[in-house]
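S.K.: There's a structure below that I have some questions on.
Bear in mind that the values in this text are calculations on the coordinates, not laboratory data. Quantities reported herein were computed from a predicted structural model and do not represent experimental measurements. FYI the Cβ positions are ideal-geometry reconstructions off the backbone, even for glycines, and counts take in every protein chain you see.
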Amino acid sequence: MKLADKVAVVTGAASGMGRAAVEELVRNGATVYAIDLREEPLLQAFESEASVRTIALDISDSSSVSRALRRVEDEQSRLDVLINAAGVSTPNSEKQRWVDEINHEMINAAKEGREYHPDFLSGITDDDFRRVIDINLNGTFFMIREAASLMKETGGSIVNFASVAGLMGLPMPAYYPASKAAIVGMTKAIAAELAPFDIRVNALAPAGINTAMFAASGDEHMDALLALQPLKRVAEPEEIAKTVLFLASEESGHYTGQTLSPSGGAVMM
Ligand SMILES: NC(=O)c1ccc[n+]([C@@H]2O[C@H](COP(=O)([O-])OP(=O)(O)OC[C@H]3O[C@@H](n4cnc5c(N)ncnc54)[C@H](O)[C@@H]3O)[C@@H](O)[C@H]2O)c1
């Protein structure tokens, strides 16, 4: 039990890598506060799990984040682990369809040897750009700011989800790689600031992982991503949860400010 008597908060807990992380942390002895925007799947996922408390909130709303962390403090008087997995790749489902259409066209043009220049830039509204940054970047920042003051009592570990999209130059709507590259930079600065309190801060930059977010972009997109990877398979969220556990536990005691990329070798650092 690598996390016996430890208290953790996980965002994006209703689905994919966040959900798998909650399950892995609980298996290793932690009490987990599972946070997600979507209450119904969150409750369904953990209704029979005694070590999990669920909180439905939008991480881009700093006062809700602050209230949630106050609850953790009131009930546990400590926080050892924060996993920031909540994120979106597009601002809404209509924009997801728009991105899918352009990706489809790009992939077909490449197959047919046709020239095609995608135009993501002119289709992104102010609100689209702000919404993705609000969730992926600002929401992650709000979580860390509120968690850090509580963690300073005991030390701890924070894991932020970035993406290969923030490390490579891939044609896509710029809000997503902008938010994920910013997470890499923020991880380093906060790691340096919190090191005196024995709080470690690291990031994960996955490529295609078999979750709802990835499935939403379709098989063609999956094939295109696999073409970039030396290891020709999509990873499962449970595999990534093993790395989350490593970073959350003392086994990674000398890692801070790092970005590890579970990407089948698409990014080698
Ligand atoms: N799946 C991939 O291939 C992949 C690749 C690289 C990076 N990532 C990143 O990994 C993280 C986890 O992704 P996943 O694939 O498990 O996604 P997912 O879509 O399965 O889960 C994300 C969860 O975040 C929640 N969420 C969204 N907006 C929220 C908000 N404002 N407040 C609270 N919760 C919110 C969603 O409801 C959802 O349950 C994300 O940050 C994503 O950007 C995923």
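S.K.: Evaluated at 10 °C with a viscosity of 1.306 mPa s, what Stokes-Einstein diffusion coefficient in µm²/s does the stretch 1-134 have when Rh comes from the Kirkwood expression over alpha-carbon pairs? It would help to have the intermediate numbers written out before the result.
M.R.: Values: Rh = 17.0 Å.
Approximately 93 µm²/s, per Stokes-Einstein.
S.K.: Additional query: Quick one: which of K6/K188; K6/K152; K2/K152; K95/K180; K95/K242 span more than 26 angstrom between C-alpha atoms? The partial results should precede the final answer.
M.R.: On the way: K6/K188 24 Å; K6/K152 14 Å; K2/K152 20 Å; K95/K180 18 Å; K95/K242 32 Å.
Flagged as over cut-off: K95/K242.
S.K.: Round to a whole angstrom and tell me the spacing of the C-alpha centers of the stretch 8-47 and the stretch 236-269.
M.R.: 18 Å
S.K.: Here's a follow-up. Please report the orientation-averaged projected area of the stretch 70-127, defined via the convex hull of its C-alpha atoms, in nm².
M.R.: On the way: hull surface 28.7 nm².
Averaged projected hull area, Cα only: 7.2 nm².
S.K.: Looking at the stretch 198-269, which trypsin sites (Lys or Arg not before Pro) are in a loop (DSSP not H, G, I, E or B) and have at most 13 other Cβ atoms within 10 Å? If you can, show how the numbers build up before the last one.
M.R.: Numbers: sites: R200, K232, R233, K242; in loops: K232, R233.
Loop-located and lightly packed - K232, R233.
S.K.: What three numbers, in Å, describe the spread of the alpha carbons of the stretch 84-169 along their principal axes, ordered from the longest?
M.R.: Answer, in whole Å and largest first: 59, 25, 17 Å.
S.K.: While we're on this one: Okay, helix-only estimate at 222 nm for the chain: each DSSP H run of n ≥ 4 adds -39500 (n - 2.57), divide by all residues, round to 500 deg cm²/dmol; what do you get?
M.R.: On the way: 10 runs with 119 residues, N = 269.
One gets -13500 deg cm²/dmol as the mean residue ellipticity at 222 nm.
S.K.: Okay, moving on. Provide the FRET efficiency to the nearest 0.05 for the A195-E73 pair, computing r from the beta carbons and using R0 = 22 Å. Let's see the in-between values first.
M.R.: Details: r = 22 Å, r/R0 = 1.02.
The calculated FRET efficiency here is 0.45.
S.K.: Can you order the peptides 244-252, 14-22 by their average number of other Cβ atoms within 10 Å per residue, highest first?
M.R.: 14-22, 244-252
S.K.: By how many nm would the segment from R114 to L231 lengthen if fully extended, with 0.36 nm per residue of separation less the alpha-carbon distance?
M.R.: Length difference between fully extended and current span is 39.4 nm.
S.K.: Taking the alpha-carbon set of the stretch 6-59, what are its Rg and Dmax in Å?
M.R.: For the stretch 6-59, the Cα radius of gyration and maximum Cα-Cα distance read 9.6, 27 Å.
S.K.: Cα axis of helix 93-112 to longest principal axis of the chain: angle in degrees, 0 to 90, nearest 10?
M.R.: Its long axis makes an angle of about 50 degrees.
S.K.: Could you give the radius of gyration (one decimal) and Dmax (whole number) of the Cα atoms in the stretch 7-260, in Å?
M.R.: My reading of the Cα-based Rg and Dmax gives 18.3, 61 Å.
S.K.: Students often forget the sequence filter, so: which aspartates and glutamates lie under 17 Å Cα-Cα from K111 once same-chain residues fewer than 8 apart are removed?
M.R.: Straight-distance partners of K111: D100, E101, D219, E220, D223.
S.K.: Got a sec? Which residues in the stretch 125-161 would a label at N92 touch, if it sits 7 Å along Cα→Cβ and we count backbone N under 11 Å?
M.R.: 127-128
S.K.: For the residues Y116, Y176, what sequence is obtained by ranking on other C-beta atoms within 10 Å, fewest first? Present the calculation step by step, with values, prior to reporting the outcome.
M.R.: On the way: Y116 12, Y176 22.
So the residues, fewest neighbours to most, are Y116, Y176.
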